[in-house]
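Undergrad: Shown below is the structure under consideration.
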Amino acid sequence: MKDVIIDCLAYNGKVSIKCISSREIVEKARKLHDLSPTASAALGRLLTITSIMGYELKTEEASITNQIKGNGPIGILTAVADSKGNVKGYVGDGKVDLPLRKSDGKLDVGGAVGKQGMLYIIKDLGIGKPYVGMTPIVSGEIAEDFTNYFATSEQTPTVIALGVLVDKNGIKSAGGYKLSLMPDAGEEEISKIEEQIKNIEPVSRMLDENKTLEEIAKIVTGDENLKVLERTEPKFECNCSREKCEKGLIAIGKKELEDIIKEEEKIQIECNFCNSKYVFTREELQEIVVKM
């Protein structure tokens, strides 16, 4: 089944909720980077929320980069999405795999990411200088860290849930939702949502039970009459290319390129996001220098 994002309004437009099923995205990342279960869950959660946030940008040339720099053994996690929700990402150490948490038997994402560090949000709308926001990590569990970001940096009351269910065959289910209160939301809507989310199942479990995204949105909001405004099918997609690598080589400067030509027969550039490799021979590097 293809991954999907749905955009919904509940309580006559007073509550916005976006839900995503992202199993294919996370499974592709797991295979590309040969991720352990813990690393799959950590990067999978980041890819999932980044896809939603990318989709929210709307303008075609816009993109968002989310990065988590924690003090855990997994290192830096990075994800980038466009305005269609297409997303790519990688992690510092994809082999990190911690014991299950003793408290609930779940994957220890917080332990892998770390309890201290920073979350960085870089929004590039394609019109001038990108917006950069940052907040401290509060748990390393990722959903809580993004909830804190929206509350403190964007002053938007937001509930975020993210989940990745891993089994011996790979990613069994993955997804999440982002619920935001509109300015005209009142105590009645807030109370209903608070009551709904008190005992709600993890989103990965609801998806594993084959609940649709519409059903999940209704369960989370408590509004049986919510409206689905739009749906889109995001993918794990990397837009790297040989041309972009060439521009990168030009950017390092003519003298630096000439020094490389003197010392190397060829160079290889590898994309962190999709592991694609681009080889430039000495002759090709000389041609680039001539163009400069």
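Undergrad: Against the conditions (1) under 28 Å from Glu60 (Cβ atoms); (2) open to solvent by less than 10 Å² (accessible area, probe 1.4 Å); (3) in a strand (DSSP E or B), where does Phe146 fall short? Just the number, please.
TA: Answer for Phe146: the failing condition is (3).
Undergrad: Looking at Val164, Val132, Val159, which is the one that is part of a strand (DSSP E or B), open to solvent by 50 Å² or more (accessible area, probe 1.4 Å) and of a type in the set (Val, Ile, Thr)? Walk me through how you get there before you give the answer.
TA: Numbers: Val164 fails: open to solvent by 50 Å² or more (accessible area, probe 1.4 Å); Val159 fails: open to solvent by 50 Å² or more (accessible area, probe 1.4 Å).
Within the list Val164, Val132, Val159, the selection yields Val132.
Undergrad: Which number in (1) in contact (Cβ under 8 Å) with a residue 12 or more places away in the chain; (2) within 23 Å of Leu46 (Cβ to Cβ) marks the one condition that Ile219 misses?
TA: All conditions pass for Ile219, except number (2).
Undergrad: So, one more: Identify the residue in region 234-249 that is part of a helix (DSSP H, G or I) and in contact with a helix residue (DSSP H, G or I) (Cβ under 8 Å, 6 or more places away or on another chain) and, among all such residues, is surrounded by the fewest Cβ atoms within 10 Å (Cβ to Cβ). Give the steps one after another, and end with the answer.
TA: Here is the first cut: in region 234-249, the residues part of a helix (DSSP H, G or I) are 242-249.
Next, from what is left, pick out any that are in contact with a helix residue (DSSP H, G or I) (Cβ under 8 Å, 6 or more places away or on another chain): 246, 249.
Values: Glu246: 18, Leu249: 21.
Ranking the candidates gives Glu246 first.
Undergrad: How many residues are under 18 Å from the mean Cα position of the chain (by Cα) and open to solvent by 70 Å² or more (accessible area, probe 1.4 Å) if we restrict to region 100-129?
TA: The number of residues fulfilling the criteria is 1.
Undergrad: Kindly indicate whether any position in region 207-217 is over 17 Å from Met1 (Cβ atoms) and open to solvent by less than 60 Å² (accessible area, probe 1.4 Å). If you could, list the steps in order and put the result at the bottom.
TA: Pass one, region 207-217, residues over 17 Å from Met1 (Cβ atoms): 217.
So of that shortlist, the ones also open to solvent by less than 60 Å² (accessible area, probe 1.4 Å) come out as 217.
Yes, region 207-217 contains a residue that is over 17 Å from Met1 (Cβ atoms) and open to solvent by less than 60 Å² (accessible area, probe 1.4 Å).
Yes/no matrix, rows are residues, columns are (1) modelled with pLDDT of 95 or more; (2) more than 28 Å from Lys18 (Cβ to Cβ); (3) open to solvent by 50 Å² or more (accessible area, probe 1.4 Å); (4) under 25 Å from the mean Cα position of the chain (by Cα):
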residue	(1), (2), (3), (4)
Thr232	yes, no, no, yes
Glu258	no, yes, yes, no
Ile267	no, yes, no, no
Leu285	no, yes, no, no
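Undergrad: Separate question: Hey, among Lys211, Lys192, which residue is of a type in the set (D, E, K, R) and either part of a strand (DSSP E or B) or in contact (Cβ under 8 Å) with a residue 12 or more places away in the chain (or both)?
TA: Working: Lys211 fails: either part of a strand (DSSP E or B) or in contact (Cβ under 8 Å) with a residue 12 or more places away in the chain (or both).
Criteria check complete, one pass: Lys192.
Undergrad: Next question. Every residue in region 9-54 that is surrounded by fewer than 23 Cβ atoms within 10 Å (Cβ to Cβ) and more than 16 Å from the chain's Cα centre (by Cα), please.
TA: Of everything in region 9-54, those that are surrounded by fewer than 23 Cβ atoms within 10 Å (Cβ to Cβ) and more than 16 Å from the chain's Cα centre (by Cα) turn out to be Leu9, Tyr11, Asn12, Gly13, Lys14, Ser16, Lys31, Asp34, Ser36, Pro37.
Undergrad: Still on this structure: Please go through region 63-99 and give me each residue that is touching a Leu at 6+ places or on another chain (Cβ under 7 Å), surrounded by 24 or more Cβ atoms within 10 Å (Cβ to Cβ) and more than 13 Å from Ala112 (Cβ to Cβ), ordered by number.
TA: Across region 63-99, the qualifying residues are Ile64, Asn66, Ala79, Val87, Gly89.
Undergrad: Enumerate the pairs (first residue in region 93-122 and over 20 Å from Gly163 (Cβ atoms); second residue anywhere and open to solvent by 90 Å² or more (accessible area, probe 1.4 Å) and not in a loop (DSSP other than H, G, I, E, B)) with beta-carbon separation below 9 Å, excluding pairs fewer than 6 apart on the same chain, so at least 6 apart or on different chains.
TA: So the pair list comes out as Met118/Met134; Tyr120/Met134; Ile121/Tyr131; Ile121/Met134; Ile122/Tyr131.
Undergrad: OK, next. Output the number of residues of region 218-230 satisfying the condition of being farther than 16 Å from Glu194 by Cβ, open to solvent by 40 Å² or more (accessible area, probe 1.4 Å) and either in contact with a Gly (Cβ under 6 Å, 6 or more places away or on another chain) or among the hydrophobic types (A, V, I, L, M, F, W, C) (or both).
TA: The qualifying residues number 2.
The values are calculated or read from the model by the stated rules, or taken from the named source; none is laboratory data. Nothing here was measured: the structure is a model prediction, and the numbers come from that model. Note that each Cβ is placed from the backbone with ideal geometry, even for glycine, and that neighbours are counted across all protein chains shown. Side chains are part of the model used for accessible areas, which takes the heavy atoms of the whole protein and leaves out ligands, DNA and RNA. Shrake-Rupley method; radii C 1.70, N 1.55, O 1.52, S 1.80 Å.
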